[in-house]
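The structure under discussion appears below in the form of structure tokens.
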Protein chains: 2
Amino acid sequence: MIKGKQSLSFTRTPYIVSSGCVAGSKEAKGPLGKKIDLINQDDLFGAKTWEAAESEMQKEACIVALGKAHLEPSEVRYLYGGDLLRQGIATTMGIEALQIPMFGLYGACSTSGEALALSAMAVAAGYGSYMLAVTSSHFGSAEKEFRFPLGYANQRPLCAQWTVTGSGAFLVGTERGYLSDEGEQRNSHVKITGITVGKIVDYGLKDSQNMGACMAPAAADTIQQNFEDFGRDAGDYDYIFTGDLGQIGQSILLDIMENRGYSLQDKHQDCGLIIYRRIKQDVHAGGSGCGCAAVTLSSYILPKIAKGEWRRVLFVPTGALMSTVSYNEGDSVPGIAHGIVLEHC
Amino acid sequence: MIKGKQSLSFTRTPYIVSSGCVAGSKEAKGPLGKKIDLINQDDLFGAKTWEAAESEMQKEACIVALGKAHLEPSEVRYLYGGDLLRQGIATTMGIEALQIPMFGLYGACSTSGEALALSAMAVAAGYGSYMLAVTSSHFGSAEKEFRFPLGYANQRPLCAQWTVTGSGAFLVGTERGYLSDEGEQRNSHVKITGITVGKIVDYGLKDSQNMGACMAPAAADTIQQNFEDFGRDAGDYDYIFTGDLGQIGQSILLDIMENRGYSLQDKHQDCGLIIYRRIKQDVHAGGSGCGCAAVTLSSYILPKIAKGEWRRVLFVPTGALMSTVSYNEGDSVPGIAHGIVLEHC
């Protein structure tokens, strides 16, 4: 079970039984647009505020994931969820209607990894047949929370990233499959074989608009720790996906890893560089937010693993730990990253 | 393992090996003052801002808990921590120096219950010998976060509660004891035998200054669910401690439970009514905050269980789920409560 310093490997391996993802208009125009389960063109999802829209997305993502597996919310033992907003209100107001006992999380943009890790730990321990991991972010609510309300039309530096309007929910379970409406057995083909829980890594950077740079050292530490704990290197993975380092963070990650003797050149991809057409969609350094890694995992990575195109993937969502208060008081922006080992089965 | 709808009972029972708590000047003058491990009289703990002071408290509480058990931070497998501030920065900046792989949590004032539940789940599953659960709150940072900066000297309604300046850390482990400096075996006498994970409960209340009323229905639901899941009633516990319902919340809780056929009159205590002398210290309806239940548990409840004065206690920290954005946008203030069953051993 316990692997090395920070990791766990699971003997009763949990499956990702199903997943659902929901996103907005800009994501719909990106490379993953057609693969996303549910799109809303006005980014409000029937709500009146950005925050309520984000809540709506979380609920919808959960309902889609549950629907695919033909499960009711009451069949889920515990929900692990979080978002970027102060006091996690997108999650609170979003999943309230599902009435699933819940653990609220905060790990900035690493939260999808945190939620998957805790869900897998609970399923592998026999604490329930199904757990739900859900995260979200919304461009409108995130700009208001961390920077300026959209109405200000402020200019963003080129190192800034574009917060994904989206949510992803993942049903983690002991059972490999479920019966479809037609009575057919549908099997999950993705299992979570291990996790590497991240530490807070602080290189002292203070530029809250350059989050890729702030998070890259944490991603490097978690990836290296995963290699050490499991006795692996980059060659043992088809791909290593970070959450939202963007272009600047990616180049820093590759440099750090190169200096430590690991070449990730052909193995590394970043969800923030997959979800948008970076130049054409004018997202500066790339996508970001709790929804970035979650939507990319649900719509792009899991289907590839399920088909067997990729046999083993390391999924490493990355978070920049800060608030308007912390950076205005002069604190640096530390990072954290959690690693999830996903395998075809 | 699985008990009823929302609970778990542990076969490999985790122990609370040690705990540490830190608080400020007002708490020092309260009934628990002399029982608190570490007091700082200017409430700044050597820092320059309320937020940094809160971080300092979290770090100190962890160090005290680890010190009592003669453990280094590196011997702790995972840390589960949270606070009330936006994006959990008190935790991030506080526990960074310990370099323990961590899960950031948000459950408002229920977070100490959430952290203890997840720590117990991880220890009982064999995911590591020691987990650390830590939470904090600070009157200065909480007023600034949720209401007004202290310099405004705004008036508070009588139903308002006073946020505790304090932090509590709990070392949860598989091992019952440790060797003291003198080479003596010291045993823990408190074990976590079960948990009841809370749901979000929303009675539609919108008064963010009356948090006791907002949280009481959630406390009632979790207590009742605990009774049902474990086949118990109030008579099976020496005491049931809620986190910070205060005077108004307590009377609502007792009413709700009475209406449901449970009398908690002689069994219920509230940490928010224990930590201060309510009238004399002018805290209006009582204490509150992530630190309230944590400091009371560490300094008052655990020692009584350890001595065997109480054999079985239900500890139910309660949280009011809201932010300045959610209540300014007209949302109600739902509550959540997690139950932890603590037994003498």
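Rank the residues B:L321, B:L8 as a footprinting-exposure proxy: fewest other Cβ atoms within 10 Å of their Cβ go first.
B:L8, B:L321
Going by a ≥ b ≥ c, the root eigenvalues of the Cα gyration tensor, does region A:140-209 fall in the rounded group (a/c under 1.5), the prolate group (a/b larger than b/c) or the oblate group?
It is oblate, given that a/c is not under 1.5 and a/b is not larger than b/c.
Regarding region B:2-179, what whole-number volume in Å³ per residue does the convex hull of its Cα atoms give?
Details: hull volume 24.5 nm³, N = 178.
About 137 Å³ per residue, rounded to a whole number.
Order these by the 10 Å Cβ neighbour count, fewest first: B:M211, A:M215.
B:M211, A:M215
Report, in order of residue number, the helices in chain B meeting two criteria: a C-alpha extent of 15 Å or more along the helix axis, and a mean Kyte-Doolittle hydropathy of at least -0.5; treat each whole DSSP H run as one helix.
Working: long enough: B:50-68 (27 Å, -0.17); B:111-124 (19 Å, 1.18); B:211-230 (28 Å, 0.08); B:246-259 (20 Å, 0.28).
Qualifying helices, which must be both long enough and hydrophobic enough, are B:50-68, B:111-124, B:211-230, B:246-259.
Take A:L98, B:L205 and order them by how many other Cβ atoms sit within 10 Å, fewest up front. Display every interim value, and only then the final one.
Working: A:L98 22, B:L205 18.
Going from least to most buried by this count: B:L205, A:L98.
Going through region A:299-330, which trypsin sites (Lys or Arg not before Pro) have at most 14 other Cβ atoms within 10 Å and a DSSP loop state?
A:R311
Apply the Debye scattering formula to chain B, with a single equal point scatterer on each alpha-carbon and no solvent, then give log10 I(q)/I(0) at q = 0.09, 0.15 Å⁻¹.
-0.41, -1.22
What shape does region A:233-280 have by the C-alpha gyration tensor, where a ≥ b ≥ c are the square roots of the eigenvalues, rounded means a/c under 1.5, and otherwise prolate means a/b greater than b/c and oblate the rest?
oblate
Calculate the FRET efficiency for A:K34 and A:C345 from the Cβ-Cβ distance with a Förster distance of 35 Å, rounded to the nearest 0.05. Walk me through the numbers before you get to the answer.
Values: r = 26 Å, r/R0 = 0.75.
About 0.85, to the nearest 0.05.
Of chain A, which part is the longest with no GluC sites (Glu not before Pro) in a loop (DSSP not H, G, I, E, B) and with at most 12 other C-beta atoms within 10 angstrom?
A:1-181
Region A:28-100: which trypsin sites (Lys or Arg not before Pro) are DSSP loop and have at most 15 other beta-carbon atoms within 10 angstrom?
Sites meeting the loop and neighbour criteria: A:K29, A:K48.
By the gyration tensor of its Cα atoms, with a ≥ b ≥ c the square roots of the eigenvalues, what is the shape of the protein assembly as shown: rounded for a/c under 1.5, prolate for a/b over b/c, or oblate?
Judged from the Cα gyration tensor, the protein assembly as shown comes out rounded (a/c under 1.5).
Nearest-5 percent of antiparallel DSSP beta bridges in the protein assembly as shown?
The antiparallel fraction comes to roughly 65 percent.
Read-outs: derived from the displayed coordinates by stated rules, not from any lab. The model shown is predicted, which means the values in this text are computed figures rather than measured ones. Positions of Cβ are generated from backbone atoms using ideal geometry, with glycine treated the same way; all protein chains shown enter the neighbour counts.
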